Amino acid sequence: MKKIITVLALFSVLLAVVLLSGCELESSIDASAGTGGAISPSGEVVVPLCEDQTFTITADAGYDVGDVFVDGVSVGAVDSYTFADVSEDHSISAIFAPEQPGDGDDASGW
């Protein structure tokens with residue numbers, strides 16, 4: 001009986017620490033990408049208590065990253081984004097644009 005009480009007391013202390021830290025046991029990040037590329041990982045990504053989560057944004061051939069939105073706010077045409085110390089739900093979405101002449105690796109610009 002004493003072991004059960006000790007385990008329950010430890011669990012209560014752990015739960016209090018979690019609640020006071022402001023972090024939920026897990027949060028989710030909804031990750032999506034438009035036509036012309038991908039975001040990885042994608043879909044609903046479950047993130048454990050106060051962990052970091054990095055997303056990689058990759059444009060398909062013939063496309064560039066046009067913009068990336070985190071919680072509806074533009075963060076620019078980045079190729080990766082890290083949510084640090086996740087304690088609430090978020091969203092990330094990427095849009096892509098067709099490459100313009102001169103965007104490629106060809107030194108001539110075409």
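The values are calculated or read from the model by the stated rules, or taken from the named source; none is laboratory data. Just so you know, these numbers come straight off a predicted model, no measurement behind them. Virtual Cβ from ideal backbone geometry, glycine too; neighbours counted across all protein chains shown. Protein only, heavy atoms only, side chains kept; ligands, DNA and RNA dropped before computing areas. Shrake-Rupley method; radii C 1.70, N 1.55, O 1.52, S 1.80 Å.
In table form, for the structure just shown:
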{"read-out": "In sequence order, calculated HN-Hα J values of the stretch 67-82 (Karplus, 6.51, -1.76, 1.60; Hz; x Gly/Pro)", "value": "6, 10, 10, 10, 6, x, 10, 5, 10, x, 8, 8, 9, 7, 8, 10"}
{"read-out": "Unit charges at the beta carbon, dipole of the stretch 31-85: most positive-side option, VAL70, THR58, PHE83", "value": "THR58"}
{"read-out": "Chain lengthening between SER91 and SER42 when straightened (0.36 nm per residue, less Cα-Cα)", "value": "16.6 nm"}
{"read-out": "Carbon and sulfur %, accessible surface of the stretch 31-101 computed with the full protein complex present, 1.4 Å", "value": "48"}
